[in-house]
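> The structure's right below; bear with me while I get my questions together.
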């Protein structure tokens with residue numbers, strides 16, 4: 001007899017096992033809307049309703065649920081499901097989607113009790129649900145609209161989800177809203193396959209220690225363990241996004257480099273057997289003193305973390321004669337700045353499922369570049385890449401943190417050894433401890449201007465802590481250096497950049513890609529110079545702002561779409577209306593990889609059964625590129641949306657469209673889709689508009705706009721295909737609380753207004769956390785934070801975010817004039833907030849997160 005019985009979605013169920021309710025709902029009842037974001041009660045992705053109250057299922061057990069009435073998204077009425085799908089789609093509430101079913105359940109509990117909630121009621125109801133993508137504003141608006149629909153005050157407008165408003169410039173209903181709101185969309189952790197096994201790693205207890213012995217005998221003999229792998233079982237024991245310096249496992253006799261290093265892999269029949277087996281592995285260590293900081297890494301007698309030493313990468317970016325320009329300038333300001341590691345905290349922990357496939361292996365994954373993942377696996381295996389198929393499922397957020405392989409390659413090793421499907425999923429703490437972070441920076445910057453505030457030169461040294469492995473240290477460091485000059489026009493610069501290995505967790509790509517660090521420093525110095533000159537911070541920026549036809553500090557001539565001055569004008573009045581309370585900052589960010597690299601967008605299509613099917617391996621990590629591509633297709637071809645489909649991306653059927661990084665997919669792959677659609681349109685016109693006449697036809701288009709390499713000996717090199725520009729203004733109240741943020745953005749032609757607003761709002765809140773509350777504390781290189789203590793902002797802490805987009809009549813000729821918004825949205829807000837505090841109390845804060853504020857008292 002099942003001793004634990006309760007009601008789930010109107011049906012009585014039961015079990016003899018006392019286990020986490022989350023696991024019972026997902027594994028036994030297949031309620032996949034209930035997401036596992038942390039299993040710690042911190043994130044809210046597993047929110048359900050129990051006896052009318054929103055509760056987190058991960059902290060409850062089947063024993064505690066006895067006699068309770070439980071509702072998940074699957075149990076909503078048809079009316080409720082349609083209301084939330086419509087409202088969240090219309091308001092742009094959905095990005096990566098991983099948090100959304102939990103948000104829906106918190107909303108239902110609120111609306112059932114209070115059918116007419118205020119904005120503050122909604123914020124309070126979802127304060128236990130973290131969203132890292134949207135900035136919460138669009139979710140709050142979606143819940144408010146859903147309540148109106150359920151009250152009968154608003155009707156569901158037909159046609160939106162079917163694409164009646166899907167042209168360029170329309171607030172299109174995202175193509176993945178329904179599956180994300182209702183939880184039917186498949187993330188890797190939702191995948192179930194016959195005969196599936198479960199894999200994981202035993203990781204070092206010490207960030208730097210010599211491994212004397214790894215005893216796996218007890219684990220291997222445990223019933224249900226399928227295999228145990230060590231370093232010697234890996235064909236090539238190295239991976240790495242650019243530099244192959246990352247050991248798949250640390251071998252006996254070798255030295256660990258960070259707390260996340262794997263010592264052995266275990267594959268077992270069930271997750272519980274896997275965890276039991278991990279505990280049976282005994283490791284003998286010779287514990288060594290870790291290298292904790294940049295200063296320790298630079299020390300003359302520092303231990304070498306890698307064979308070639310502790311300097312991972314360096315860059316020197318210069319133009320003109322900065323030394324002379326600064327020496328002859330009227331005003332000069334110098335200061336040193338410090339920024340911390342920060343955690344991406346995407347709501348979906350890393351997960352992959354690998355299984356033998358044809359003459360190789362196939363991987364279902366959640367990452368930012370299927371072809372990059374294939375490349376890293378092929379290097380590890382020593383295989384031709386064609387033997388490896390990587391297919392993206394839904395991606396629950398990335399922000400750069402899913403560019404490196406994490407679980408994919410180890411899932412492959414175990415799947416091939418066990419000859420069956422293997423799922424590998426990080427716990428939330430593994431994710432926090434192991435995947436690459438935003439680089440910590442120590443930098444010294446000198447900026448000079450003349451008596452009118454016109455910038456004369458910049459000299460700076462930027463030092464990054466890249467942790468145990470390179471990841472993307474080189475490109476991130478390079479972007480920090482090239483963008484440290486800001487979106488202004490002056491020609492004397494000297495920037496030195498260094499990235500050092502330490503025994504800290506690795507650092508790599510993170511939204512902003514190094515520019516959050518360097519532009520924070522620059523924008524702080526600009527306010528000091530304005531003070532010296534005797535003009536306003538707004539005025540000094542306007543006098544120096546880049547505009548079409550003028551030359552950026554890297555020598556590139558600003559193109560016709562450049563609209564930095566327009567963003568400054570958009571916030572001028574509100575900035576000047578709050579003296580002593582407002583801070584301002586500008587930013588630029590490249591769209592596309594650039595700097596001479598072959599950055600190509602590719603798309604192919606086929607017409608099957610009267611439908612145009614487009615394939616591109618561009619990862620949609622929540623930014624909505626699949627919707628943007630659909631809008632471009634619809635605008636170019638005139639075909640109704642039901643005749644169009646965009647793949648999620650697989651190396652088996654989709655061409656390599658590059659990684660989702662560098663704010664590149666909308667422009668680079670978007671132009672490939674536009675070019676392909678134009679070819680389809682020609683044939684469609686010849687066929688009298690009848691798509692079925694084209695059945696069997698295939699199309700392919702590649703877009704490539706060459707750029708010049710860094711340091712090219714040209715008077716005006718073209719570093720990037722395009723730049724986006726922005727100005728942010730932050731406003732404080734009497735207590736020093738950020739009440740309003742005005743974020744004006746030049747991101748070219750806006751393809752989807754509601755989507756770009758959501759991207760801006762999410763970027764602002766992420767940057768606000770970087771400025772004020774988020775930290776990544778380490779003790780002897782070991783992270784001490786959990787998800788709930790990282791300082792992530794909640795819905796009840798958000799300011800009023802005013803997303804403003806500026807469009808020019810002279811856009812770029814690519815992708816209907818669109819540029820990327822994903823990264824720049826998070827860059828200027830930290831210095832804008834810091835400058836607001838400088839105006840407020842005249843204390844110049846050079847370290848993030850800012851101390852002595854409403855949010856964080858001085859230590």
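A short reminder: the numbers here are calculations on the coordinates, not readings from a lab. Small disclaimer: the values here were computed from a predicted structure and weren't measured. Here Cβ is always computed from backbone atoms with ideal geometry, including for glycine, and neighbour counts include all displayed protein chains.
> Rank the residues 11, 374 as a footprinting-exposure proxy: fewest other Cβ atoms within 10 Å of their Cβ go first. Don't skip to the answer; put the middle values down first.
Details: 11 9, 374 24.
By the 10 Å Cβ count, ascending, the order reads 11, 374.
> Can I ask one more? When a/c reaches 1.5 or more, the comparison of a/b and b/c decides; with that in mind, is the stretch 171-228 rounded, prolate or oblate per its Cα gyration tensor? Please list the in-between numbers first.
On the way: a/c = 6.51, a/b = 2.08, b/c = 3.13.
Oblate is the answer for the stretch 171-228, as a/c is 1.5 or above yet b/c matches or exceeds a/b.
> Could you work out how far apart the two model spin labels at residue 242 and residue 698 are, taking each label as a point 7 Å from the Cα in the direction of the beta carbon, and quote it in nm?
Once both label points are built, they end up 3.4 nm from each other.
> Averaging sequence separations of C-alpha pairs under 8 Å and six or more residues apart, then dividing by the length of the stretch 601-703, give the relative contact order as a whole percent. Mind dumping the intermediate values first?
On the way: 199 pairs, mean separation 45.3, N = 103.
Relative contact order here is 44 percent.
> I'd like the per residue volume of the convex hull spanned by the Cα atoms of the stretch 141-264, given in cubic angstrom. It would help to have the intermediate numbers written out before the result.
Values: hull volume 32.2 nm³, N = 124.
That works out to 260 Å³ per residue.
> Alpha carbons only, please: Rg and Dmax for the stretch 4-189, in angstrom.
Rg, Dmax (Cα atoms, Å): 16.2, 55.
> If you count, for each residue, the other Cβ atoms within 10 Å and average over each peptide, how do 652-664, 636-648 line up from highest to lowest? Intermediate values should be presented prior to the final figure.
Values: 652-664: 24.0, 636-648: 18.7.
So the peptides 652-664, 636-648, ranked by packing, come out 652-664, 636-648.
> While we're on this one: Based only on other Cβ atoms within 10 Å, what is the fewest-to-most ordering of 26, 541? Intermediate values should be presented prior to the final figure.
On the way: 26 22, 541 25.
The most exposed by this proxy come first: 26, 541.
> Restricting things to Cα coordinates, could you compute the convex hull volume per residue of the stretch 695-847 in Å³? Mind dumping the intermediate values first?
Values: hull volume 39.8 nm³, N = 153.
Output value, Cα hull per residue: 260 Å³.
> Moving on. In whole angstrom, how far apart do the alpha carbon centroids of the stretch 780-820 and the stretch 164-230 sit?
Rounded to whole Å, the Cα centres lie 26 Å apart.
> Evaluate E = 1/(1 + (r/R0)^6) for residue 609 and residue 450, where r is the Cβ-Cβ distance and R0 equals 56 Å; express this FRET efficiency to the nearest 0.05.
On the way: r = 67 Å, r/R0 = 1.20.
Here the calculated transfer efficiency is 0.25.
> Oh, and also: Report, please, the projected area of the chain averaged over directions, based on the convex hull of its C-alpha atoms, in nm².
On the way: hull surface 142.5 nm².
Computing the convex hull of the Cα atoms and averaging its projections yields 35.6 nm².
> Counting only DSSP beta bridges with both residues in the chain, tell me the antiparallel percent, nearest 5. Could you put the intermediate results ahead of the total?
Numbers: 104 of 135 bridges.
Once the DSSP bridges in the chain are tallied, antiparallel ones form about 75 percent.
> Which whole number in µm²/s is D for the stretch 380-510 by Stokes-Einstein, with the Kirkwood Rh taken over Cα pairs at 10 °C and 1.306 mPa s?
Numbers: Rh = 17.9 Å.
Reported coefficient: 89 µm²/s.
> Give me the percent relative contact order of the chain, please, defined on Cα pairs under 8 angstrom at least 6 residues apart.
On the way: 2271 pairs, mean separation 119.2, N = 859.
Rounded, it is 14 percent for the chain.
> What Rg and what Dmax come out for the stretch 200-251 when only alpha-carbon atoms are used, in angstroms?
Just the Cα atoms of the stretch 200-251 yield Rg and Dmax of 13.0, 40 Å.
> What order, most packed first, do the peptides 275-288, 57-70, 611-624 have when packing is the mean number of other Cβ atoms within 10 Å of each residue?
On the way: 275-288: 15.6, 57-70: 18.9, 611-624: 26.2.
Result, highest mean first: 611-624, 57-70, 275-288.
> For the residues 466, 324, what sequence is obtained by ranking on other C-beta atoms within 10 Å, fewest first? Can you show the working numbers first?
On the way: 466 31, 324 12.
Fewest-to-most ranking of 466, 324: 324, 466.
> Here is a further query. When a/c is below 1.5 the answer is rounded, else prolate if a/b is larger than b/c, else oblate, so apply that to the stretch 779-827 with a ≥ b ≥ c taken from the square roots of the Cα gyration tensor eigenvalues.
Details: a/c = 5.10, a/b = 2.13, b/c = 2.39.
In terms of gyration-tensor shape, oblate.
> Can you compute the modelled spin-label distance between residue 215 and residue 155, with each label point 7 Å from Cα toward Cβ, in nm?
7.5 nm
> Quickly estimate the mean residue ellipticity at 222 nm for the chain, helices only: each DSSP H run with n ≥ 4 gives -39500 (n - 2.57), and the total goes over all residues, rounded to 500.
About -8000 deg cm²/dmol.
> Quick check: Cα centre of the stretch 729-766 to Cα centre of the stretch 346-367, how many Å?
The two parts, judged by their Cα centres, are 35 Å apart.
> What is the stretch 4-189's relative contact order, in percent, from Cα pairs under 8 angstrom and six or more apart in sequence? Intermediate results must be reported in sequence, preceding the final value.
On the way: 323 pairs, mean separation 45.4, N = 186.
Computed value for the stretch 4-189: 24 percent relative contact order.
> Using the per-residue mean of other Cβ atoms lying within 10 Å as a proxy for protection, in what order, highest first, do the peptides 820-833, 478-491 fall?
Working: 820-833: 30.9, 478-491: 25.2.
Peptide ranking by packing, descending: 820-833, 478-491.
> For the stretch 53-98, just say rounded, prolate or oblate: build the C-alpha gyration tensor, square-root its eigenvalues into a ≥ b ≥ c, call rounded for a/c under 1.5, and beyond that prolate if a/b exceeds b/c, oblate if not. It would help to have the intermediate numbers written out before the result.
On the way: a/c = 4.09, a/b = 1.94, b/c = 2.11.
Because a/c hits 1.5 or more and a/b fails to exceed b/c, the stretch 53-98 counts as oblate.
> Alpha carbon centre of the stretch 405-447 versus the stretch 68-135: separation in Å?
31 Å
> Nearest 0.05, what FRET efficiency do residue 810 and residue 678 give at R0 = 30 Å with Cβ-Cβ as r? Write out the running numbers ahead of the final one.
Values: r = 21 Å, r/R0 = 0.70.
For R0 = 30 Å, the calculated efficiency reads 0.90.
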